[in-house]
Amino acid sequence: TDFSHVLTSNIQRVGIGTHYLLSLSSTLVMMAAYLFVAIKLSVAVTLLALLCGLLLWLLLRKHNRLSSQAGQELSRTHQRIHHHLSEHLASMHLIKAHGLNKAQSQLFEKEIDRQRNSQLSFQAIHSRLLMLYKMLGAVTLAILVYLAVAVIELPGVTVLVLIAIFARTLPMLSSFQSGYQHVLHMLPAYQAWRSLLDDCQAHQELVTAQQPVTLNDAITLQDLRFSY
(Lines give C-alpha, C1' and ligand atoms only; values in the text may rest on other atoms or scores of the structure.)
Protein backbone atom coordinates (compact mmCIF):
# COMPACT_ATOMS: atom_id res chain seq x y z
CA THR A 1 0.00 0.00 0.00
CA ASP A 2 2.88 2.39 0.69
CA PHE A 3 4.32 1.75 -2.77
CA SER A 4 0.88 2.10 -4.37
CA HIS A 5 0.23 5.35 -2.53
CA VAL A 6 3.57 6.91 -3.44
CA LEU A 7 3.55 5.76 -7.06
CA THR A 8 -0.01 6.98 -7.77
CA SER A 9 -1.29 9.86 -5.62
CA ASN A 10 2.05 11.33 -4.56
CA ILE A 11 3.65 11.17 -8.00
CA GLN A 12 0.64 12.95 -9.47
CA ARG A 13 0.89 15.71 -6.86
CA VAL A 14 4.63 16.05 -7.50
CA GLY A 15 3.88 16.50 -11.21
CA ILE A 16 1.35 19.25 -10.48
CA GLY A 17 3.76 20.94 -8.08
CA THR A 18 6.55 20.79 -10.68
CA HIS A 19 4.26 22.55 -13.17
CA TYR A 20 3.68 25.39 -10.71
CA LEU A 21 7.40 25.52 -9.90
CA LEU A 22 8.21 26.06 -13.57
CA SER A 23 5.45 28.68 -13.79
CA LEU A 24 7.05 30.55 -10.88
CA SER A 25 10.28 30.85 -12.86
CA SER A 26 8.55 32.43 -15.87
CA THR A 27 6.55 34.75 -13.58
CA LEU A 28 9.74 35.97 -11.90
CA VAL A 29 11.31 36.75 -15.27
CA MET A 30 8.28 38.78 -16.36
CA MET A 31 8.11 40.64 -13.05
CA ALA A 32 11.81 41.51 -13.32
CA ALA A 33 11.26 42.93 -16.82
CA TYR A 34 8.34 45.10 -15.67
CA LEU A 35 10.24 46.35 -12.64
CA PHE A 36 13.24 47.23 -14.81
CA VAL A 37 11.04 49.50 -16.93
CA ALA A 38 9.40 50.97 -13.81
CA ILE A 39 12.80 51.81 -12.29
CA LYS A 40 13.73 53.62 -15.49
CA LEU A 41 10.59 55.75 -15.13
CA SER A 42 10.74 56.44 -11.37
CA VAL A 43 13.06 54.88 -8.83
CA ALA A 44 11.12 56.29 -5.86
CA VAL A 45 7.71 54.97 -6.91
CA THR A 46 9.18 51.57 -7.84
CA LEU A 47 10.89 51.26 -4.47
CA LEU A 48 7.61 52.13 -2.74
CA ALA A 49 5.86 49.48 -4.82
CA LEU A 50 8.48 46.88 -3.87
CA LEU A 51 8.13 47.84 -0.20
CA CYS A 52 4.35 47.47 -0.39
CA GLY A 53 4.73 44.09 -2.11
CA LEU A 54 7.09 42.93 0.63
CA LEU A 55 4.65 44.07 3.31
CA LEU A 56 1.84 42.15 1.59
CA TRP A 57 4.02 39.05 1.49
CA LEU A 58 4.88 39.31 5.19
CA LEU A 59 1.27 40.06 6.12
CA LEU A 60 -0.14 37.03 4.29
CA ARG A 61 2.69 34.53 4.72
CA LYS A 62 0.84 32.65 7.47
CA HIS A 63 -1.25 31.18 4.64
CA ASN A 64 1.93 29.46 3.40
CA ARG A 65 2.21 27.54 6.67
CA LEU A 66 -1.45 26.58 6.47
CA SER A 67 -0.94 25.32 2.90
CA SER A 68 1.98 23.16 4.00
CA GLN A 69 -0.06 21.72 6.86
CA ALA A 70 -2.96 20.98 4.49
CA GLY A 71 -0.54 19.17 2.18
CA GLN A 72 0.77 17.03 5.03
CA GLU A 73 -2.75 16.11 6.11
CA LEU A 74 -3.69 15.23 2.53
CA SER A 75 -0.67 12.91 2.29
CA ARG A 76 -1.71 11.16 5.50
CA THR A 77 -5.32 10.72 4.37
CA HIS A 78 -4.20 9.39 0.98
CA GLN A 79 -1.97 6.85 2.69
CA ARG A 80 -4.73 5.68 5.03
CA ILE A 81 -7.21 5.34 2.15
CA HIS A 82 -4.78 3.19 0.16
CA HIS A 83 -4.11 1.08 3.25
CA HIS A 84 -7.80 0.47 4.00
CA LEU A 85 -8.64 -0.15 0.35
CA SER A 86 -5.86 -2.72 -0.02
CA GLU A 87 -6.89 -4.52 3.16
CA HIS A 88 -10.55 -4.49 2.12
CA LEU A 89 -9.87 -6.01 -1.30
CA ALA A 90 -7.55 -8.65 0.15
CA SER A 91 -10.05 -9.63 2.89
CA MET A 92 -13.33 -9.24 1.02
CA HIS A 93 -14.44 -12.87 1.59
CA LEU A 94 -13.74 -12.68 5.32
CA ILE A 95 -15.54 -9.34 5.59
CA LYS A 96 -18.65 -10.73 3.93
CA ALA A 97 -18.47 -13.97 5.93
CA HIS A 98 -18.37 -12.09 9.25
CA GLY A 99 -20.94 -9.49 8.23
CA LEU A 100 -18.53 -6.54 8.52
CA ASN A 101 -19.65 -4.81 5.32
CA LYS A 102 -21.22 -1.85 7.12
CA ALA A 103 -18.28 -1.36 9.49
CA GLN A 104 -15.80 -1.39 6.58
CA SER A 105 -17.97 1.00 4.60
CA GLN A 106 -18.17 3.41 7.53
CA LEU A 107 -14.41 3.25 8.02
CA PHE A 108 -13.78 4.02 4.36
CA GLU A 109 -16.33 6.86 4.34
CA LYS A 110 -14.63 8.36 7.40
CA GLU A 111 -11.27 8.49 5.59
CA ILE A 112 -12.93 9.91 2.47
CA ASP A 113 -14.48 12.67 4.61
CA ARG A 114 -11.06 13.49 6.05
CA GLN A 115 -9.58 13.72 2.58
CA ARG A 116 -12.45 15.89 1.35
CA ASN A 117 -12.09 18.23 4.34
CA SER A 118 -8.34 18.49 3.75
CA GLN A 119 -8.81 19.41 0.09
CA LEU A 120 -11.59 21.90 0.90
CA SER A 121 -9.39 23.46 3.58
CA PHE A 122 -6.58 24.04 1.07
CA GLN A 123 -8.97 25.48 -1.53
CA ALA A 124 -10.45 27.82 1.11
CA ILE A 125 -6.97 29.01 2.10
CA HIS A 126 -6.02 29.48 -1.56
CA SER A 127 -9.21 31.40 -2.46
CA ARG A 128 -9.02 33.60 0.64
CA LEU A 129 -5.42 34.51 -0.16
CA LEU A 130 -6.27 35.46 -3.76
CA MET A 131 -9.14 37.62 -2.52
CA LEU A 132 -6.89 39.42 -0.02
CA TYR A 133 -4.22 40.00 -2.66
CA LYS A 134 -6.74 41.56 -5.04
CA MET A 135 -8.28 43.81 -2.39
CA LEU A 136 -5.03 44.93 -0.79
CA GLY A 137 -3.39 45.23 -4.21
CA ALA A 138 -6.09 47.64 -5.37
CA VAL A 139 -5.64 49.75 -2.22
CA THR A 140 -1.85 49.71 -2.66
CA LEU A 141 -2.12 50.79 -6.30
CA ALA A 142 -4.39 53.69 -5.33
CA ILE A 143 -1.90 54.84 -2.67
CA LEU A 144 1.01 54.63 -5.14
CA VAL A 145 -0.88 56.69 -7.71
CA TYR A 146 -1.69 59.34 -5.10
CA LEU A 147 1.95 59.56 -3.97
CA ALA A 148 3.19 59.70 -7.55
CA VAL A 149 0.83 62.57 -8.46
CA ALA A 150 0.53 64.59 -5.23
CA VAL A 151 3.88 64.06 -3.52
CA ILE A 152 6.49 63.14 -6.11
CA GLU A 153 4.68 65.15 -8.84
CA LEU A 154 5.48 62.91 -11.77
CA PRO A 155 4.22 63.83 -15.27
CA GLY A 156 0.82 62.45 -16.15
CA VAL A 157 2.18 60.29 -18.99
CA THR A 158 4.74 58.67 -16.69
CA VAL A 159 2.06 58.01 -14.06
CA LEU A 160 -0.17 56.31 -16.64
CA VAL A 161 2.66 54.04 -17.76
CA LEU A 162 3.49 53.17 -14.14
CA ILE A 163 -0.18 52.40 -13.47
CA ALA A 164 -0.20 50.04 -16.45
CA ILE A 165 2.99 48.33 -15.24
CA PHE A 166 1.82 47.92 -11.65
CA ALA A 167 -1.63 46.80 -12.80
CA ARG A 168 0.10 43.96 -14.66
CA THR A 169 2.58 43.25 -11.87
CA LEU A 170 0.05 42.89 -9.04
CA PRO A 171 -1.73 39.89 -10.67
CA MET A 172 1.70 38.38 -11.26
CA LEU A 173 2.49 38.77 -7.56
CA SER A 174 -0.82 37.08 -6.77
CA SER A 175 -0.04 34.32 -9.28
CA PHE A 176 3.42 33.89 -7.78
CA GLN A 177 1.96 33.52 -4.29
CA SER A 178 -0.65 31.07 -5.61
CA GLY A 179 2.01 28.94 -7.30
CA TYR A 180 4.17 29.07 -4.18
CA GLN A 181 1.24 27.76 -2.14
CA HIS A 182 0.76 24.86 -4.55
CA VAL A 183 4.46 24.03 -4.31
CA LEU A 184 4.25 24.02 -0.50
CA HIS A 185 1.16 21.83 -0.74
CA MET A 186 3.11 19.42 -2.95
CA LEU A 187 6.27 19.21 -0.83
CA PRO A 188 4.93 16.61 1.66
CA ALA A 189 4.18 14.29 -1.29
CA TYR A 190 7.68 14.84 -2.68
CA GLN A 191 9.22 14.20 0.73
CA ALA A 192 7.25 10.95 1.09
CA TRP A 193 8.42 9.81 -2.35
CA ARG A 194 12.02 10.80 -1.60
CA SER A 195 11.92 9.05 1.80
CA LEU A 196 10.61 5.82 0.26
CA LEU A 197 13.22 5.95 -2.48
CA ASP A 198 16.04 6.50 0.03
CA ASP A 199 14.69 3.68 2.20
CA CYS A 200 14.62 1.29 -0.77
CA GLN A 201 18.15 2.22 -1.79
CA ALA A 202 19.39 1.78 1.79
CA HIS A 203 17.94 -1.74 2.00
CA GLN A 204 18.58 -2.97 -1.53
CA GLU A 205 20.11 -6.40 -1.95
CA LEU A 206 23.81 -6.40 -2.69
CA VAL A 207 24.67 -8.13 -5.94
CA THR A 208 28.08 -9.79 -5.65
CA ALA A 209 30.09 -11.18 -8.52
CA GLN A 210 29.86 -14.98 -8.58
CA GLN A 211 31.98 -17.51 -10.36
CA PRO A 212 30.08 -19.36 -13.10
CA VAL A 213 29.07 -22.88 -12.16
CA THR A 214 30.57 -25.48 -14.46
CA LEU A 215 29.33 -29.05 -14.98
CA ASN A 216 32.34 -31.35 -15.01
CA ASP A 217 30.82 -34.85 -14.76
CA ALA A 218 27.05 -35.36 -14.68
CA ILE A 219 23.78 -34.85 -12.80
CA THR A 220 22.35 -38.10 -11.39
CA LEU A 221 18.84 -38.77 -10.05
CA GLN A 222 18.61 -41.95 -7.93
CA ASP A 223 15.69 -43.68 -6.17
CA LEU A 224 13.20 -41.22 -7.53
CA ARG A 225 9.52 -41.91 -6.76
CA PHE A 226 6.37 -40.01 -7.64
CA SER A 227 2.71 -40.53 -6.68
CA TYR A 228 -0.47 -38.65 -5.90
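The values are calculated or read from the model by the stated rules, or taken from the named source; none is laboratory data. Fair warning: this is a prediction, and the values are worked out from it, not measured in the lab. Virtual Cβ from ideal backbone geometry, glycine too; neighbours counted across all protein chains shown. Each accessible area value is taken on the protein alone, full model and side chains, heavy atoms only, with ligands, DNA and RNA left out. Shrake-Rupley method; radii C 1.70, N 1.55, O 1.52, S 1.80 Å.
Whenever you get a sec, compute what percent of the accessible area on the chain sits on carbon and sulfur atoms (1.4 Å probe).
Reported share for carbon and sulfur atoms: 63 percent.
Taking each full run of DSSP H in the chain as one helix, which ones are at least 27 Å long along their axis (Cα atoms) and have mean Kyte-Doolittle hydropathy of at least -0.5?
Flagged H segments are 11-41, 101-146, 156-202.
Between L221, Q191, T140, whose Cα lies farthest towards the positive end of the dipole of region 131-228 when Lys and Arg beta carbons carry +1 and Asp and Glu beta carbons carry -1, centred on the Cα centre?
So the residue we want is T140.
Give, rounded to the nearest 20 debye, the magnitude of the charge dipole that region 21-128 has about its Cα centre when Lys and Arg contribute +1 at Cβ and Asp and Glu contribute -1 at Cβ.
Here region 21-128 has a charge dipole of around 180 debye.
How far apart, in nm, are two points set 7 Å out from the Cα along the Cα-to-Cβ line at L50 and at D199?
Placing both labels 7 Å beyond Cα along the Cβ direction yields 4.5 nm.
Only Lys, Arg, Asp and Glu count, each charged at its Cβ (+1, +1, -1, -1), so figure out the dipole size of region 135-228 about its Cα centre, rounded to 20 debye.
Magnitude of the dipole: close to 480 debye.
Most mobile of Y180, Y133, Y34 per a Gaussian network model of the chain (Cα springs, under 10 Å)?
Largest GNM mean-square fluctuation: Y34.
Taking the Cα centroid of region 205-228 and of region 123-161, what is the distance between the two, rounded to the nearest whole Å?
81
Based on Cβ point charges of +1 for Lys and Arg and -1 for Asp and Glu, what charge dipole magnitude is obtained for the chain about its Cα centre, in debye rounded to the nearest 20?
960
Tell me, how many Å apart are the Cα centres for region 59-109 and for region 167-203?
Centre-to-centre (Cα) distance: 22 Å.
Say we join alpha carbon atoms closer than 10 Å with springs in a Gaussian network model of the chain; which of L144, L94, L136 then has the biggest fluctuation?
Comparing L144, L94, L136 in the GNM, the peak value goes to L94.
Give me the extension gain from A142 to S121: residue separation times 0.36 nm, minus the current Cα-Cα distance, reported in nm with one decimal.
Value of the extension gain: 4.4 nm.
Report the Stokes-Einstein translational diffusion coefficient (µm² s⁻¹, integer) for region 76-208, Rh taken as the Kirkwood radius over Cα pairs, at 10 °C with viscosity 1.306 mPa s.
Here the translational diffusion coefficient equals 79 µm²/s.
So with the 1.4 Å probe, I'd like the accessible area per residue for region 22-99, rounded to whole Å².
62
For the chain, evaluate the Debye formula with one uniform point scatterer on each Cα (no solvent term) and list log10 I(q)/I(0) at q = 0.13, 0.16 Å⁻¹, rounded to two decimals.
Computed log10 I(q)/I(0) values: -0.89, -1.09.
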